[in-house]
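Structure record follows, encoded as structure tokens.
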Amino acid sequence: MSAFPETPDQVDTDWLSQVLGAPVSSVRAENLGEGVGVMAEVTRLHLEGEDVPATLVLKTASPAEENRQVAGAYGFYEREVSFYRELSPDVDVRVPRCHHAEMAPGGVPFVILMEEITGARAVDQLEGCSEADAVAIVDTVAALHASWWESPELERLDWLPGMDNAAYRAYAEVLPALVPVLRAKAADLDDTPQAWLDQLAGGRYPAYLAWWSNGPLTFCHYDLRLDNVLFGVDDGDGVCLLDWQLSLRHRGTFDLSYFLGQNVPTEFRREHQDALLRRYHDRLVDLGVHGYSFERCWDDYRAGMLMHVASAPQLAALDGGNERGQALLDSMLERGWQAAVDLDAGFVIDEL
């Protein structure tokens with residue numbers, strides 16, 4: 001057993017008092033709801049004591065073994081612990097204050113104890129968001145991307161991989177075996193991307209990863225879904241980004257490909273994506289990014305949709321943990337697949 005709690009039921013007042021530097025007299029754990037975490041378990045802790053917060057949020061490894069294995073193989077937990085240890089106080093977006101972050105060698109198990117953002121508004125990812133909410137997200141990630149745009153500091157973050165890394169390339173070895181899982185589970189998907197998936201599974205996937213290395217690179221959240229966003233933070237119009245497990249050195253447009261491709265209803269994406277991509281590009285320019293045309297931005301956005309085809313077999317194989325978690329996975333698979341169809345994302349295969 002680790003020196004820190006691996007699950008919510010292992011959290012006690014002694015450990016909390018130690019990491020908070022203040023006496024905690026009692027603690028009660030409350031699951032934050034079905035489907036809040038897929039790759040991790042998220043728990044609200046109710047505390048009593050002297051000079052301690054009334055509530056904190058605890059994040060620990062997923063109770064589903066297959067999800068823990070995926071997270072460990074890709075370094076998801078290590079990235080988030082490292083983000084909160086090294087970057088969270090200074091990053092140019094609002095994130096929860098971290099009180100403690102710790103992990104075992106290899107990143108599994110881990111624990112993060114962080115501020116609970118109170119008074120903010122959450123949006124149900126299954127239902128989608130308003131246009132104003134989407135604009136707020138675009139403005140927030142544009143600021144994040146601009147601050148790290150082609151920064152030499154990215155190389156200093158040895159825990160922050162690029163797309164073309166060994167763990168991601170290893171997915172090519174299991175992808176062919178997962179394709180039948182997808183076809184059995186989602187036989188009614190549009191047939192168009194099946195040929196793209198067959199090419200990726202047939203050996204082109206590593207070349208697709210390498211294609212992204214030709215920059216410009218920045219700090220990408222890479223899991224920009226509505227369940228990871230809080231609105232109206234700090235009694236204002238601010239946006240708080242949660243869950244940094246999947247962060248990467250990557251082209252910034254992928255955050256938009258992911259957000260609009262998998263995490264809003266298809267009709268919303270079709271109606272608003274042009275204006276939102278234009279706003280994103282305009283914000284980058286306003287914040288000092290130059291030499292990146294809107295045409296390149298748009299093509300990078302389209303190319304990012306092919307990742308939804310590549311990842312669909314893995315989504316089909318994941319365990320959602322509960323009814324809402326499974327509904328999230330299913331909606332992400334179906335929306336992302338359709339986005340790839342709508343934007344003809346397979347065009348990039350000819351460039352590999």
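The values are calculated or read from the model by the stated rules, or taken from the named source; none is laboratory data. The structure presented is a predicted model; accordingly, all values stated were derived computationally and were not measured. So basically every Cβ, Gly included, is an ideal-geometry build from the backbone, and we count neighbours across all protein chains shown. With ligands, DNA and RNA removed, areas are computed over all heavy atoms of the protein, side chains included. Shrake-Rupley method; radii C 1.70, N 1.55, O 1.52, S 1.80 Å.
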Legend entry - Rg/Rg_ref, segment 64-183, where Rg_ref = 2.2 N^0.38 Å and atoms are Cα: 1.28
Legend entry - Where a label projected 7 Å from the Cα of GLU6 along Cα→Cβ would reach, residues of segment 91-113 with amide N under 17 Å: 102-112
Inset, instruction - For segment 138-290, report the translational diffusion coefficient in µm²/s to the nearest whole number, using Stokes-Einstein at 10 °C, 1.306 mPa s, and a Kirkwood Rh over Cα pairs. - result: 91
Inset, instruction - Please give the net charge around PRO206, taking every other residue with its beta carbon less than 15 angstrom from that of PRO206, where Lys and Arg add +1 and Asp and Glu add -1. - result: -1
Inset, instruction - Starting from the Cα of ARG183, move 7 Å in the Cα-to-Cβ direction to define the label point; list residues of segment 304-321 whose amide nitrogen is under 18 Å from there. - result: 309-317
Inset, instruction - Express in nm, to one decimal, how much length is gained between ASP234 and VAL174 on full extension, taking 0.36 nm for each residue of separation and deducting their alpha carbon distance. - result: 17.2 nm
Inset, instruction - May I ask you to derive the relative contact order of segment 203-261, considering only C-alpha pairs under 8 Å and at least 6 residues apart, and to give it as an integer percent? - result: 43
Inset, instruction - Go ahead and estimate [θ] at 222 nm for the chain from helices alone: -39,500 (n - 2.57) per DSSP H run with n ≥ 4, summed, over the residue count, rounded to 500. - result: -14000 deg cm²/dmol
Legend entry - Accessible area in square angstrom per residue, segment 91-215, 1.4 angstrom probe: 45
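Quantify how much of the Cα-Cα distance distribution of segment 1-80 extends past 15 Å, in percent.
Tail fraction, whole percent: 59.
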Legend entry - Hz values of 3J(HN,Hα) by residue in segment 54-69 - Karplus curve (6.51, -1.76, 1.60), Gly and Pro given as x: 5, 9, 9, 10, 10, 10, 9, 5, 4, x, 7, 4, 5, 6, 4, 5
Inset, instruction - Considering only TRP337, TRP159, TRP15, give the residue with the highest GNM mean-square fluctuation for the chain, with springs between Cα atoms whenever their separation is below 10 Å. - result: TRP15
Inset, instruction - Under a 10 Å cutoff between Cα atoms, tell me which one of PRO176, PRO152, PRO161 has the largest fluctuation in the Gaussian network model of the chain. - result: PRO152
Legend entry - Solvent-accessible area per residue for segment 243-284 (1.4 angstrom probe, square angstrom): 28
Legend entry - Cα-based helix-to-principal-axis angle, 266-286 vs the chain, degrees rounded to 10: 80
Legend entry - Percent accessible area from carbon and sulfur atoms, the chain, protein chains only, probe 1.4 Å: 46
Inset, instruction - Choose one answer from GLU78, GLU48, GLU334: the residue with the largest mean-square fluctuation in a GNM of the chain with alpha-carbon springs under 10 Å. - result: GLU48
